[in-house]
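What follows is a set of notes on a single structure, which appears directly below.
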Amino acid sequence: MKKMNMFKKILSMAACAVLLSGSVCQSSFPANAAAPESRAETNVPADSPADPFTPLAVHGALRVQGTKLVDEQGNPVRLMGMSTHGLAWFPQYVSQDTFLTLRDEWKTNCVRLALYTEEYNGYCSGGNKEELKALVRRGVEAATNLGMYVIIDWHVLNDRDPNVHKEDAKAFFAEMSAFYQNQENVLYEICNEPNSSATWEQIKQYAGEVIPVIRANDPDAVIIVGTPTWSQDIHLAADSPLPYDNLLYALHFYAATHTDWLRERLTACVQRGLPVFVSEFGLCDASGNGNNDFVQARQWLDLLEQYDISCINWNLANKAESSSVISPGCTKISRWTDWELSEGGRWISGYWKEKAAALQGF
């Protein structure tokens with residue numbers, strides 16, 4: 001397991017005495033501070049000496065224990081936060097100002113960086129790879145400076161089978177895991193939503209080549225693996241799990257589409273011992289649009305809380321669709337008022353704040 005230095009460990013122990021899981025106080029870190037330029041500087045959150053209550057300072061390195069994600073002290077921890085939309089399309093939200101708002105106003109502890117692979121200007125379909133990697137690095141640096149956890153998401157969608165761009169994925173994750181091997185706040189999601197004809201055996205074949213690439217650099221990395229049918233068929237992973245530790249299996253739901261039947265599947269898989277991470281969920285239907293269903297969303301989130309399952313909401317953008325949390329007419333990248341948020345944005349930001357208040361630490 002990665003080691004915290006002694007100063008950080010003392011701060012973390014002090015923080016745990018007054019905070020519960022996932023909690024964080026108001027930060028004194030200046031929102032407009034320049035991002036570190038060297039790798040050595042990115043390995044320690046820039047505000048940690050002044051603010052020992054960031055999520056990372058409180059929880060340290062994470063690992064999977066049984067069905068739960070646990071922190072450095074072995075206590076269950078839930079990562080809860082927002083996913084970007086495609087980095088190539090909405091790069092403005094990959095910002096320390098944005099993430100500071102998510103941490104201190106919305107009370108979240110994690111950001112997911114969605115790097116599309118096959119879509120327009122995707123990493124494997126004509127996008128500028130160096131610029132896209134720079135966006136990923138910018139996002140990781142911003143999250144790290146703020147003591148937040150961050151998921152690097154290889155966003156398989158239209159390619160369906162992750163093996164289509166397997167060699168690109170291996171090269172990408174080799175580079176990222178080498179660069180971030182000493183950072184405790186970086187998680188890797190190796191295939192967002194395999195779909196259509198992609199089988200669990202094909203996903204296992206892909207994971208069996210990509211996971212060792214990451215582990216060669218970072219033996220303790222927490223890795224999230226997508227499951228068939230847009231990351232809904234977690235029961236297939238429960239039937240035949242991968243032979244690695246520190247793995248979580250992705251379940252995605254959209255509240256207006258996925259209801260009791262998928263919640264029952266999740267419950268059965270957790271009871272069988274499968275560690276699950278809801279790395280993407282929406283309040284609307286599975287298209288990312290349509291009406292929000294807050295009743296179903298509340299049922300889902302209550303169930304995730306019951307089993308200490310982490311969850312990330314889709315999406316952090318001002319796109320004209322129900323799943324985007326910022327109003328299409330708003331160009332601000334931080335400090336949004338309620339009226340600058342979409343209906344879903346107002347609901348989910350309120351939910352994160354509610355959970356923080358219940359934990360008595362935010």
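The values are calculated or read from the model by the stated rules, or taken from the named source; none is laboratory data. Every value quoted in this text rests on a predicted model; they were computed, and no experiment measured them. Methodologically, a virtual Cβ is constructed for each residue, glycine included, from the backbone with ideal geometry; neighbour enumeration extends over all protein chains shown.
Residues in the stretch 257-307 that are in contact with a Gly (Cβ under 8 Å, 6 or more places away or on another chain) and of a type in the set (Val, Ile, Thr): none.
Taking the conditions (1) in a helix (DSSP H, G or I); (2) in contact with a Pro (Cβ under 8 Å, 6 or more places away or on another chain) in turn, Asp308 satisfies each one other than (1). Checked against the criteria, Val150 counts as within 27 Å of Gln232 (Cα to Cα), in contact with a strand residue (DSSP E or B) (Cβ under 6 Å, 6 or more places away or on another chain) and not in a loop (DSSP other than H, G, I, E, B). Being among the charged types (D, E, K, R), more than 19 Å from the chain's Cα centre (by Cα) and not in a loop (DSSP other than H, G, I, E, B) is a description that applies to Arg346. Among the criteria (1) without any contact (Cβ under 8 Å) to a residue 60 or more places away in the chain; (2) more than 18 Å from Leu100 (Cα to Cα), the one Lys332 does not fulfil is (2). Do you know which residues across the stretch 197-224 are in contact with a Ser or Thr (Cβ under 9 Å, 6 or more places away or on another chain) and of a type in the set (D, E, K, R)? Selection gives Glu201, Lys204, Arg215, Asp218.
Out of the stretch 311-359, which residues are basic (Lys, Arg), buried (at least 16 other Cβ atoms within 10 Å of the Cβ) and at pLDDT 95 or above? Result: Lys319, Arg346.
Contact map, the stretch 218-232: first residue closer than 19 Å to Pro162 by Cα, second residue of a type in the set (Val, Ile, Thr) and in a loop (DSSP other than H, G, I, E, B), Cβ cut-off under 8 Å, separation 6 or more or different chains; pairs are Ile223/Ile190; Ile224/Ile190; Val225/Ile190; Gly226/Val156; Gly226/Ile190; Pro228/Thr199. Only a single criterion out of (1) touching a helix residue (DSSP H, G or I) at 6+ places or on another chain (Cβ under 7 Å); (2) surrounded by 19 or more Cβ atoms within 10 Å (Cβ to Cβ) is not satisfied by Thr199, namely (2). Does any residue of the stretch 186-194 turn out to be in contact with an Asp or Glu (Cβ under 6 Å, 6 or more places away or on another chain) and part of a helix (DSSP H, G or I)? Within the stretch 186-194 (the criterion being in contact with an Asp or Glu (Cβ under 6 Å, 6 or more places away or on another chain) and part of a helix (DSSP H, G or I)), the answer is no, since none of the residues qualifies. Listed by position, the helices (runs of 4 or more DSSP H) contained in the stretch 1-107 that have at least 1 residues being buried (at least 20 other Cβ atoms within 10 Å of the Cβ) and at pLDDT 50 or above are 55-59, 96-104. Annotation for the stretch 117-124: at least one member residue is over 14 Å from the mean Cα position of the chain (by Cα), surrounded by 22 or more Cβ atoms within 10 Å (Cβ to Cβ), within 19 Å of Trp154 (Cα to Cα) and not small (Gly, Ala, Ser). Within the option set Asn192, Asn246, being closer than 30 Å to Asp302 by Cα, touching a Leu at 6+ places or on another chain (Cβ under 7 Å) and polar (S, T, N, Q) holds for one residue only, Asn192.
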